[in-house]
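Peer 1: Shown below is the structure under consideration.
The values are calculated or read from the model by the stated rules, or taken from the named source; none is laboratory data. Because the structure is predicted, anything quoted here is derived from the model rather than measured. No Cβ is skipped: glycine too gets one built from the backbone with ideal geometry, and neighbour counts run over all protein chains shown.
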Amino acid sequence: MKRNVSRQDKLTPPAIDDVPREAPMDDDLLQIDLRLGLDEVAAAEEEKLRKGPRRPTRRQLGQLAGKLYDARRGRDRVFNDQLFGEPAWDMLLALYCLPIRGIPLCVTSLAYAANVPPSTGTRWLELLLDRGLIKRGPHPSDGRQQLVGLSHKGRMLMERYLIRLFYCQTVEAPETDR
């Protein structure tokens, strides 16, 4: 009796090492390589910050805020002062830098510092109060006025932003081989 053998009986399965790689596995390796590369970059930046200058002082941040504020007022003198407008930002800058210069701000002077009419200044002041970025309180010598200042939250957010700007300004130029 003749026995019929199927072709499958003679096939040998490929060894595991002989299986061709699939595309997703290549993508996985690429993602791992990217993550490792990003970890190396983050570690290098952390080391640079550790070796570099420490966090800027409040005086340095105040000077930076003052430069920003003065630049915005200079821009208003060169261009039509109605062309640009960010009263809330101008108010926050003024509240950060002007008290350091010895200039206390009341509601009216804050509107003036932001280069907006008092009615517009009052509306923006209310918005900043509602957001918890500023606070106001009685003037020590004039009961008719209220002084305005940054709240703790407002000061922390301003400092966080100014620190980022500070480091952008003090980035060292890359060394070149000559």
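Yes or no, residue by residue, for (1) over 22 Å from the mean Cα position of the chain (by Cα); (2) more than 24 Å from LYS67 (Cβ to Cβ); (3) exposed (fewer than 14 other Cβ atoms within 10 Å of the Cβ):
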| site | (1), (2), (3) |
| --- | --- |
| TRP89 | no, no, no |
| TYR96 | no, no, no |
| THR108 | yes, yes, no |
| ALA111 | yes, no, no |
| VAL116 | yes, no, no |
| THR120 | yes, yes, no |
| ARG131 | no, yes, yes |
| PRO138 | yes, yes, yes |
| GLN145 | yes, yes, no |
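Peer 1: Can you report the number of residues in segment 114-136 which are in contact with a strand residue (DSSP E or B) (Cβ under 7 Å, 6 or more places away or on another chain) and at pLDDT below 90?
Peer 2: Total meeting the criteria: 0.
Peer 1: Another question about this same structure. How many residues does segment 120-158 hold that are of a type in the set (A, V, I, L, M, F, W, C) and in a loop (DSSP other than H, G, I, E, B)? Steps first, answer last, please.
Peer 2: Within segment 120-158, the subset of a type in the set (A, V, I, L, M, F, W, C) is 124-125, 127-129, 133-134, 147-148, 150, 156-158.
So of that shortlist, the ones also in a loop (DSSP other than H, G, I, E, B) come out as 133.
Going through segment 120-158 one residue at a time, the tally reaches 1.
Peer 1: Among the residues of segment 81-113, which ones are in contact (Cβ under 8 Å) with a residue 12 or more places away in the chain and of a type in the set (S, T, N, Q)?
Peer 2: Result: THR108, single match.
Peer 1: If you go through segment 159-172 one residue at a time, do you hit one that is surrounded by 15 or more Cβ atoms within 10 Å (Cβ to Cβ), in a loop (DSSP other than H, G, I, E, B) and within 23 Å of the chain's Cα centre (by Cα)?
Peer 2: no
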